[in-house]
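Accompanying notes for the structure given below.
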Ligand SMILES: Cc1ncc(COP(=O)(O)O)c(C=O)c1O
């Protein structure tokens, strides 16, 4: 029989699926996959139920229901003072993932180059490669995740169509600073490219830091799409509702792909997310404050056990170096042992680099802390027992 698509089939089963399956098999606490173990606000859930009962459950408009598109535009105005026309500069997709895919498929010509910064979220590379683009990878590395300015510029050329850029960033938990963003914006302009900005963790930034959308920098409004996700902002990762704003030309390009990918997103969930986006600013602030407390709880516990914890400036994640504990295993094996023997699952950092185990980053693991306090405490207890006896 003929072969299936070679680019996608070569990815096989991801380490995330392997670790999650291992966690189930060994009844481990899963701190690998990034999802909160408690649903978001009850009133948003009620809104979805009411909309399901009382409103149409047929195809909503392709670009999203006006209520959510208006709320998305207003949200960007409130938080970042970005002005967009909701009718031409917003789009709703089935999760941020679909927005990323729609942007790539809508903008890329085969042979175009795309600049990315490793370690990176797992869906970027397969989509880019399947679209026929050539990834140009630049690496930030632990422990400081410093942006290598010259290498970044070297990755740009006249062939660059866009940079796919994520801040706050998964998995490094880095929040890019204004001066880093200014440098990136300079390159975007100099090489006449676009920027797809994955900002799903926009409200999960800590220690007084500020999330700055690249789109707010001079001359960037016409070159950027800014992607948000109800999954992260309202702790409903299963809903898969994404809302993006951006330059008219880019939204239009993404919509050309979106109309053939999913065409639309469940109307009841769109309605509920529109309601959520109208919440007081306090809701969005508290989301970050509460998550910061979880980060601190996890970080304190892991430090006591003997891990070296890297700064988690935002997101759901923190990076832990296990070398100080005296283990020499590569990260994939370390994670497998931890799941089976300690009953706690994490994911190896090498999985977020294209070269995987050859990336040179092989003694860091990612823990997810968006969990109930008692789950965090039980996981820490298990780890403490395991490392005290090993
Ligand atoms: C950086 C990043 N982008 C996008 C997504 C996916 O968002 P959604 O669930 O809305 O598709 C995730 C989910 O973990 C993520 O970490």
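Just so it is clear, none of the values below were taken in a lab; they were calculated from the coordinates. Keep in mind it's a predicted model, so treat the numbers as computed, not measured. Don't worry about glycine lacking a Cβ; one is built from the backbone with ideal geometry, like all the others, and counts go over all protein chains shown.
Each residue in 366, 223 was given a count of other beta-carbon atoms within 10 angstrom of its own, and listing them fewest first yields 223, 366.
What ranking do 239, 145 get, fewest neighbouring Cβ atoms within 10 angstrom at the top?
Details: 239 24, 145 19.
Going from least to most buried by this count: 145, 239.
Please report the antiparallel percentage of the DSSP beta bridges confined to the chain, to the nearest 5.
Taking every DSSP beta bridge with both residues in the chain, the antiparallel ones total about 50 percent.
The value of relative contact order for the chain, using C-alpha pairs under 8 Å at least six residues apart, is 25 percent. Normalised by residue number, the volume inside the convex hull of the Cα atoms of the chain is 149 Å³ per residue. Working from label points 7 Å from Cα in the Cα-to-Cβ sense, the residue 183 to residue 46 distance is 4.9 nm. Relative to the dominant Cα principal axis of the chain, helix 66-80 is inclined by about 60°. Cα centroid separation, the stretch 102-181 to the stretch 336-390: 26 Å.
Only DSSP H runs of four or more residues enter the estimate; each adds -39500 (n - 2.57), and after division by the residues of the chain the mean residue ellipticity at 222 nm equals -12500 deg cm²/dmol. For the pair residue 159 and residue 252, a Förster radius of 30 Å applied to the C-beta separation gives a FRET efficiency near 0.85, rounded to the nearest 0.05. The simple spin-label model puts a point 7 Å past each Cα toward its Cβ; for residue 26 and residue 87 those points are separated by 5.8 nm.
Tell me, what is the percent relative contact order of the stretch 1-89, built from C-alpha pairs under 8 Å that lie six or more residues apart?
Normalised by residue count, the contact order of the stretch 1-89 is 13 percent.
Using 0.36 nm per residue and subtracting the Cα-Cα separation, the extra length available between residue 151 and residue 282 on full extension is 43.2 nm.
Which of 321, 219, 280 ends up with the largest GNM mean-square fluctuation for the chain, with Cα atoms connected below 10 Å? Answer for the Gaussian network model of the chain: 280. Is the shape of the stretch 346-390 rounded, prolate or oblate, going by the alpha carbon gyration tensor and its root eigenvalues a ≥ b ≥ c, with a/c under 1.5 for rounded and a/b larger than b/c for prolate? Oblate, because a/c is 1.5 or more while a/b does not exceed b/c.
Tell me, 56, 72 in order of fewest to most beta-carbon neighbours within 10 Å?
Arranged by neighbour count, lowest to highest, 56, 72 become 56, 72.
By the gyration tensor of its Cα atoms, with a ≥ b ≥ c the square roots of the eigenvalues, what is the shape of the stretch 111-164: rounded for a/c under 1.5, prolate for a/b over b/c, or oblate? Oblate shape, in that a/c is at least 1.5 and b/c is the bigger or equal ratio. One decimal place: the segment residue 355-residue 388 gains 8.6 nm when fully extended, by the rule 0.36 nm per residue minus the C-alpha distance. The relative contact order of the stretch 39-194 comes to 17 percent, based on Cα pairs under 8 Å that sit 6 or more residues apart. When a/c is below 1.5 the answer is rounded, else prolate if a/b is larger than b/c, else oblate, so apply that to the stretch 175-214 with a ≥ b ≥ c taken from the square roots of the Cα gyration tensor eigenvalues. Oblate, because a/c is 1.5 or more while a/b does not exceed b/c. So, in Å, what gap is there between the alpha-carbon centers of the stretch 202-219 and the stretch 259-304? First find each Cα centre; the distance between them is then 16 Å.
Based on the mean of other beta carbon atoms within 10 Å per residue, what is the order of 119-126, 340-347, 6-13, most packed first?
Details: 119-126: 19.8, 340-347: 22.1, 6-13: 9.9.
Top of the packing list down: 340-347, 119-126, 6-13.
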